[in-house]
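Notes follow once the structure below has been shown.
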Amino acid sequence: MKIAIMGKIHSDGPEILKKNNIENFEINDFEENYLINKLCDVDGIVIRTANLTSKILSKCENLKIVSRHGVGYDNVDSNYLKKNGIPLAITGTSNAVSVAEHVMTMFLYLTKNINLSNNLVKSGNFKKKSELPDFFELYKKKILILGFGRIGQELAKRCLGFDMEVYIYDPFVSKNIIIEKNCFPINKEEGLEIADYISIHMPLNNSTKNFLSFTEFDLVKKNLIVVNTARGGIINEEALLEAIKKNKIKGAGIDVFENEPPRQKHPFFELENILLTPHNAALTLECRKRMSVESCTNVINYLVNKKKLNKTNIVNLEI
Ligand code: NAD
């Protein structure tokens, strides 16, 4: 059996493939014709962020499984896989903690103006601390979490640990589950009106594109800090820019962009109260190891020992 690994992953996963006598090789050139040539006889593909189009997939005659190193799969033509009965796996148990910690980091950094304090001390102005602008606590503040899946739930736990009031907007999760987890279900509009913090944890699709846009930023509180670690485009970037520039909100933390990488001189780069990271919320060393092992284990279990397969990792289980 032969597995292609598209993009560099931590060595722990390929080592497990090797132990199971499964040949594997890494590809780092994602040009379409090159990929067609390299993938035409593989039994499985482990993939990071490169695109797997139907044109490429249709040439993979032996393909039995595609395994995403991560949980979002908008870079893979999932319709093609569904039509052709090929499972698409994700690393559902690996990412949530790492992303939730990233959100807490952004909240704390922006809330406490850490950059200003750091600059003050390093510029020899320790004694001028009373001149710093006010900074705040998370304690007793209201957070609205949009999307209560794996990451949303891990974030909720951490916010409850900080004694925040946690409000959830997710029409696909029952109110009882939300209440059992000590959170409050809320509708979108009310949530926007009361939130001190918003964090986005839903997929990008037709109903979530521009979920936070001009209309929404007119409803929110002036002290709002909004964080997007889900997918670019769920927040409309023009609307966010306007909200920040016109002081409609206090700040934003952005890990994901409408176009990645964002263009040079993107207007976000000039703003002190937008904190930016390069789509690396899930790239802690621990998480990279877990994703590498889980993505390869999905392949091994599917090909060699289906009984061990974690079926919740298969996004097109209906096939
Ligand atoms: P998940 O599938 O476990 O949860 C998504 C939740 O969103 C579900 O509970 C679903 O009911 C809810 N949802 C769907 N449509 C909705 C809507 N219109 N309104 C409100 N809720 C809606 O996914 P997850 O693992 O928690 O991942 C969440 C997001 O984070 C995904 O977009 C994923 O791609 C992204 N992600 C980003 C990184 C990163 O590095 N920045 C890492 C991992 C995941």
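Just so you know, all these numbers are worked out from the coordinates, no wet-lab data involved. None of these values were measured; they are calculated from a predicted model. Don't worry about glycine lacking a Cβ; one is built from the backbone with ideal geometry, like all the others, and counts go over all protein chains shown.
Here is how the numbers come out for the structure above:
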item: Cα-centre dipole for segment 210-269 with unit charges at Cβ (Lys and Arg positive, Asp and Glu negative), debye to 20; result: 320
item: Selected from L160, S123, I249, residue furthest toward positive end of dipole (segment 96-276; charges at beta carbon); result: S123
item: The chain - mean residue ellipticity at 222 nm from DSSP helices (-39,500 (n - 2.57) per run, n ≥ 4, rounded to 500); result: -9500 deg cm²/dmol
item: Amide H within-cut-off set for V227, under 5 Å, with H built and near neighbours excluded; result: I198, S199, I200, G253
item: Euclidean distance between Cα centres, segment 230-306 to segment 164-187, Å; result: 24
item: For segment 207-219, Karplus couplings with θ = phi - 60° (6.51, -1.76, 1.60), whole Hz, Gly/Pro x; result: 8, 10, 4, 6, 4, 10, 9, 4, 4, 5, 5, 7, 8
item: Among T111, N228, N182 the positive-end extreme of the charge dipole of segment 88-244 (Cβ point charges); result: T111
item: Separation between Cα centres of segment 88-142 and segment 54-73, rounded to whole Å; result: 38
item: Given the chain, longest segment not containing exposed loop chymotrypsin sites (Phe, Trp or Tyr not before Pro) (DSSP; at most 11 other Cβ within 10 Å); result: 173-319
item: Stretch in the chain that is longest and holds no trypsin sites (Lys or Arg not before Pro) that DSSP places in a loop and that have at most 10 other beta carbons within 10 Å; result: 1-139
item: Residue-wise HN-Hα coupling along segment 162-170, computed from phi with Karplus coefficients 6.51, -1.76, 1.60 (Hz; x: Gly, Pro); result: 8, 6, 8, 8, 10, 10, 10, 10, 7
item: D (Stokes-Einstein, µm²/s), Kirkwood Cα radius, the chain, 0.890 mPa s at 25 °C; result: 116
item: The chain, dipole about Cα centre (Lys/Arg Cβ +1, Asp/Glu Cβ -1), debye to the nearest 20; result: 600
item: Distance violations [Cα-Cα > 30 Å] among K59/K265; K82/K265; K112/K265; K83/K308; K142/K209; K83/K188; result: K59/K265; K82/K265; K83/K188
item: Table column - 3J(HN,Hα) (Hz), segment 116-129, Karplus curve with 6.51, -1.76, 1.60, x for Gly and Pro; result: 5, 5, 4, 4, 4, 5, 5, 8, x, 10, 3, 6, 8, 4
